[in-house]
Protein chains: 2
Amino acid sequence: MSAMRKKKSVKTLKGDQTKALILETALEIFNERGYEATTMRAIADKAGLSLGNAYYYFRSKEYLIQAFYHRLNEAHLAAALPALDRDHTLKARLLTVMRLKIETMEPYHEFAGVLFKTAAHPESPLNPFGEESDPVRRAAIELCEKVVEGSNARIPKDLRAELPYLIWVYSMGIVLFWIHDNSPRHRRTYRLVDHTVDLVDKLITLASNPLMRPLRKQSLRLLDELRNAAADLEADEETN
Amino acid sequence: MSAMRKKKSVKTLKGDQTKALILETALEIFNERGYEATTMRAIADKAGLSLGNAYYYFRSKEYLIQAFYHRLNEAHLAAALPALDRDHTLKARLLTVMRLKIETMEPYHEFAGVLFKTAAHPESPLNPFGEESDPVRRAAIELCEKVVEGSNARIPKDLRAELPYLIWVYSMGIVLFWIHDNSPRHRRTYRLVDHTVDLVDKLITLASNPLMRPLRKQSLRLLDELRNAAADLEADEETN
């Protein structure tokens, strides 16, 4: 039994390595030729694998991109979770997580630009808001939850429930800015993070004020309405 | 002299008719085949014109889309300007202008979806935020200026200066929602307009409060930073 388990884990390890090899190779070719022009055959050839073997690990090119998102997110989690232990204010925690988001994506800046040309389309399966990105998005929103929950900020329940999602949307905006940012070392993105984190923190404080309750409730209802519309739209497109 | 002027104006009129004919024909074919698959030759053929004649009026397909934006905006202005005379509160004026925006675009809903597939890309010359859309955008922002200036709302100078642009960005968001809205008679978009106009009006009142001055100033600085970044990005792309 123990021998069998060992054998299986060696096999899994080998599978993981092959998977990683395919992903690395794909990112290289995407970078050279663009996403659209790259075929699974070209990826398999360059990785020294049969086409069937490549398809065994990734059912299509889109799954490669999802794997890429997944890897970026894992790197972010690995960097952010220990760093969060140091910070207790919401502002400091938000700043840590946002700065590390950019830092961990740094090696892929060029590729992110290539990818964006495809992913920006709302109907693209590569769109981070789309259904295919669900698992990675959920993991990313969970991190935002930790940012809020581990802080000493006093936030009313209604807002607290939506805040992780809102912070995630905000972080997507920062990533979008970073993709287009050509300033040296992306200084401009880091400055934007500093300024917006400060502003977001102040807005949360303002929205948490009891006097703001009606306006806050109304805003949250609107958020809900928008999300329902987006979900219905996605359902529509699937049945079409 | 008078005869000559008359002759010239007849010629201009004929030119305007040909231009309108080309635009109508183009919209029809775009609708049938999509924007990408349509050639200037197909448009000229269907309109019964020589290719040279079609190019004389529109240097490329993109100019046709700009002409389409222009026409939509003219229709909106023609409907909104007289209607604004009735309303004096900012909320009522905003509601009038937003509802008429959707109403005047209504006949082109299907085409707007076709167009959006191309125009959504930030680097597309059809993007409403891009440089090529400058004249129409300026005219649309001017209308937003009238919405603010003709109202009895008390808005501090700093916010008042940026409000027309912000209202225009908000209206683009509503248009985006409408493009994807498949509810009967676009009821959902109208409901969204009602809810967001109410919220926007309250947020303007809040932001105009003297206590909000520091936060308002900070938000406006951020807006400026974002716009500068967008302008630099556009300049970058032109030199590349």
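The values are calculated or read from the model by the stated rules, or taken from the named source; none is laboratory data. Predicted model only: the values in this text are computed from it and were never measured. In this analysis, Cβ positions are derived from the backbone assuming ideal geometry, glycine residues included, and neighbour counts consider all displayed protein chains. For the accessible areas, the whole protein counts, side chains as well, though only heavy atoms, and no ligand, DNA or RNA atoms are used. Shrake-Rupley method; radii C 1.70, N 1.55, O 1.52, S 1.80 Å.
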**Report entry** Entries of B:K46/B:K101; A:K14/A:K117; B:K19/B:K61; A:K14/A:K46; A:K91/B:K217; A:K117/B:K46 with Cα pairs more than 23 Å apart
**Finding:** B:K46/B:K101; A:K14/A:K117; A:K117/B:K46
**Report entry** Estimated [θ] at 222 nm from DSSP helical runs (n ≥ 4, -39500 (n - 2.57)) normalised by residues in chain B, nearest 500
**Finding:** -26500 deg cm²/dmol
Query raised in the report: For B:H88, which inter-copy label distances result when the label point lies 7 Å beyond Cα on the Cα-to-Cβ vector, reported in nm to one decimal and in ascending order?
Result: 5.6
**Report entry** Nearest-first distances (nm) between copies at A:N31, label 7 Å from Cα via Cβ
**Finding:** 4.7
**Report entry** Local net charge near B:E36, Cβ-Cβ under 11 Å (Lys/Arg +1, Asp/Glu -1)
**Finding:** +3
Query raised in the report: Using θ = phi - 60° and the Karplus form 6.51 cos²θ - 1.76 cosθ + 1.60, what ³J(HN,Hα) does each residue of the stretch B:65-72 get, whole Hz, x for Gly and Pro?
Result: 5, 4, 5, 5, 4, 4, 5, 4
Query raised in the report: Where does each of B:D158, A:D45 land when they are ordered by accessible area, with a 1.4 Å probe and the largest first?
Result: A:D45, B:D158
Query raised in the report: When the solvent-accessible surface of protein heavy atoms is calculated with a 1.4 angstrom probe, in what order do A:S50, B:S133, B:S219 fall, highest first?
Result: A:S50, B:S219, B:S133
Query raised in the report: Taking chain B as a Gaussian network, where each spring joins two C-alpha atoms under 10 Å apart, which residue of B:P125, B:P156, B:P210 fluctuates the most?
Result: B:P210
Query raised in the report: Can you give the longest stretch of chain B with no exposed loop site, where a site means GluC sites (Glu not before Pro) in a DSSP loop (not H, G, I, E or B) with at most 16 other C-beta atoms within 10 Å?
Result: B:124-240
Query raised in the report: Between A:D45 and A:Y165, what length comes free when the chain is fully extended (0.36 nm per residue of separation minus the Cα-Cα distance, one decimal in nm)?
Result: 39.1 nm
Report task. Heads up, I need the accessible area for B:L95: 1.4 angstrom probe, whole protein in place, Å², nearest 10. Result -> 50 Å²
Query - Counted charge near A:A75, where neighbours are those whose Cβ lies closer than 12 Å (Asp, Glu -1; Lys, Arg +1) - result: -1
Report summary line: For the stretch B:136-240, whose charge dipole is built from +1 on Lys and Arg Cβ atoms and -1 on Asp and Glu Cβ atoms, the candidate among B:P164, B:A229, B:A207 with its Cα farthest towards the positive end is B:A207
Query raised in the report: Once you put a point 7 Å from the Cα of A:R86 and another 7 Å from the Cα of A:E149, both along the Cβ direction, what distance in nm separates them?
Result: 2.3 nm
Report task. Under 1.5 on a/c is rounded, so check that first for the stretch B:157-240, then, if it is not, pick prolate when a/b is larger than b/c and oblate when it is not; a ≥ b ≥ c are the square roots of the alpha carbon gyration tensor eigenvalues. Result -> oblate
Report summary line: Expressed in nanometres to one decimal, the distance between label points 7 Å along Cα→Cβ at A:L21 and B:D198 is 6.1 nm
**Report entry** Centre separation in Å (Cα based) which lies between the stretch A:143-162 and the stretch B:134-211
**Finding:** 30 Å
Report task. Can you list the distances in nanometres, one decimal and ascending, from the A:Y55 label point to the identical position in each other copy, with the point 7 Å along Cα to Cβ? Result -> 4.6
Report summary line: With all protein chains in place and a 1.4 Å probe, A:H88 shows an accessible area in Å² (nearest 10) of 110 Å²
Query raised in the report: Taking the Cα centre of the stretch A:139-226 as origin and charging only Cβ (+1 Lys, Arg; -1 Asp, Glu), how large is the dipole, in debye to the nearest 20?
Result: 260 debye
Query raised in the report: Which of A:I141, A:S151, A:F129 sits farthest toward the positive end of the charge dipole of the stretch A:105-164, with +1 on the Cβ of Lys and Arg and -1 on the Cβ of Asp and Glu?
Result: A:S151
Query raised in the report: Quick one: length gained pulling B:N228 to B:N31 fully straight, 0.36 nm per residue minus the C-alpha distance?
Result: 67.3 nm
Query raised in the report: How big is the accessible area of A:V175 in square angstrom, nearest 10, if you roll a 1.4 angstrom probe over the protein chains?
Result: 20 Å²
Query raised in the report: So what are the ³J(HN,Hα) numbers for the stretch A:207-224, from phi and the Karplus equation (6.51, -1.76, 1.60; θ = phi - 60°), rounded to whole Hz, Gly and Pro as x?
Result: 5, 7, 5, x, 5, 8, 3, x, 5, 5, 4, 5, 5, 5, 5, 5, 4, 4
Report task. Would you please name the trypsin sites (Lys or Arg not before Pro) within the stretch B:74-165 that are DSSP coil residues with at most 14 other C-beta atoms within 10 Å of their C-beta? Result -> B:R86, B:R154
Query - Net charge of Cβ neighbours under 12 Å - reference A:R99; Lys, Arg +1; Asp, Glu -1 - result: -1
**Report entry** Apportionment of accessible area to carbon and sulfur, chain B, percent (1.4 Å)
**Finding:** 57 percent
Report summary line: Expressed as a whole-number percentage, the relative contact order of the stretch A:88-240 with C-alpha contacts under 8 angstrom and at least six residues apart is 27 percent
Report task. Report, in debye and to the nearest 20, how large the dipole of chain A comes out about its Cα centre when Lys and Arg carry +1 and Asp and Glu carry -1 on their Cβ. Result -> 980 debye
